[in-house]
Structures are given as C-alpha cells and as structure tokens.
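These notes are about the structure you will find just below.
The values are calculated or read from the model by the stated rules, or taken from the named source; none is laboratory data. Bear in mind the structure is a predicted one, so any value in this text is a computation, not a measurement. Quick reminder, even Gly has a Cβ in these numbers, built from the backbone with ideal geometry, and neighbours come from all protein chains shown.
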Amino acid sequence: ISGDLSEALSSYAEALRIRRNLLGRDHLRVADTCHSMGAMLCEIGGDLSEAKEALSEALRIREESLDEEDESTSETRQWMGNVLKDLDECELALECYQASLRTKKLIFGEDHEEVANTMMSIAIVLDQL
C-alpha cells in the first residue's frame, strides 16, 4: 500500500478509535467510519479480511439501529457482497447482494441504475458459483 493509502488507513483507524470512545461502539457514526474504511480497503485491493471485519461491524450497527429499508444499510450489504466475492465466499456474497437488491427496489423502484448495478453483481457472483 502506498504511503498516502497507508496514511488514510491510519486516519480511519484513529477516527474509529475516537468515535468508539466518545460515542460508544454501537453509534451510527462508528458504522459510517467502519463502512468507509471497509469500502476503501475493497476498492484498493487491501486486506480483505480487515475490510470484511469493518463492513461486518458497520452492517451489524446499521441493521440494529436503522429501518431494514435504509439506503446506507443496503450500501453496506453491497460492499460486503463485493468483499465476500473477492474472498471466494460466493454464496454469502449472493445473500448480501440479494438483500441489497430487495432494499434498492423498494427505495428506487425496478428501473434504476442502483438496481441494475446490484443485478450485475448478482450475475457475476452466480457465474462464479
């Protein structure tokens, strides 16, 4: 990982430490930080087990705190699917993508770019099963 990315990860880790201490482990701002950290790790091809851990924490908090149809929860499920796919955990990835798709259809309707993107992810992971 380049110096800038390493510094970005350090900043996320420090922000996460501060937010956990100030707000508690189950606060939505903690979930936001975990989501951002996990998504970045996935995008840059970083430590996928660390990305999975961060996104798992974000998803747990969001599922416990928000309505099931919340867009941010759906986004975390999408990213978790991406990580699981990259870890060759395709059945679990498919579950995440399908849950994300259900929510996106409720939020955006059937004919929306977000729905199409998730359907593409489902197609890719089905091809890998």
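Summary of computed values
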read-out	value
Filtered residue count, the range 80-102, keeping only those that are surrounded by 21 or more Cβ atoms within 10 Å (Cβ to Cβ), under 17 Å from E57 (Cα atoms) and not β-branched (V, I, T)	7
Output for the range 51-79, where each listed residue is crowded, with 22+ Cβ neighbours inside 10 Å and over 17 Å from R29 (Cβ atoms)	A51, S74, R77, Q78, W79
Test for E43: is it of a type in the set (D, E), without any contact (Cβ under 8 Å) to a residue 12 or more places away in the chain and either in contact with a Phe, Trp or Tyr (Cβ under 9 Å, 6 or more places away or on another chain) or within 17 Å of E75 (Cα to Cα) (or both)	yes
Long-range neighbours under 6 Å by Cβ, at least six apart or interchain, first residue assigned to a helix (DSSP H, G or I) within the range 6-35, second among the small types (G, A, S)	L28/S65; A31/A58; T33/A15; C34/A54; C34/A58; H35/A58
Among residues of the range 80-114, those that are among the small types (G, A, S) and touching a Lys or Arg at 6+ places or on another chain (Cβ under 7 Å), counted	3
Single residue of D86, D67 found to be at pLDDT below 95, touching a helix residue (DSSP H, G or I) at 6+ places or on another chain (Cβ under 9 Å), under 21 Å from L55 (Cα atoms) and of a type outside the set (F, W, Y)	D67
Count of residues meeting criterion [surrounded by 18 or more Cβ atoms within 10 Å (Cβ to Cβ) and under 23 Å from M119 (Cβ atoms)] in the range 30-47	4
Selection from the range 25-53 of residues that are hydrophobic (A, V, I, L, M, F, W, C), closer than 19 Å to L94 by Cα and modelled with pLDDT of 95 or more	A39, L48, A51
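Every residue, every condition in (1) free of Cβ contacts under 8 Å to residues at least 12 places away in the same chain; (2) part of a helix (DSSP H, G or I); (3) touching a His at 6+ places or on another chain (Cβ under 7 Å); (4) not hydroxyl-bearing (S, T, Y), yes or no:
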position: G81; (1), (2), (3), (4): no, yes, no, yes
position: L84; (1), (2), (3), (4): no, yes, no, yes
position: D88; (1), (2), (3), (4): no, no, no, yes
position: E110; (1), (2), (3), (4): yes, no, no, yes
position: S121; (1), (2), (3), (4): no, yes, no, no
position: I124; (1), (2), (3), (4): no, yes, no, yes
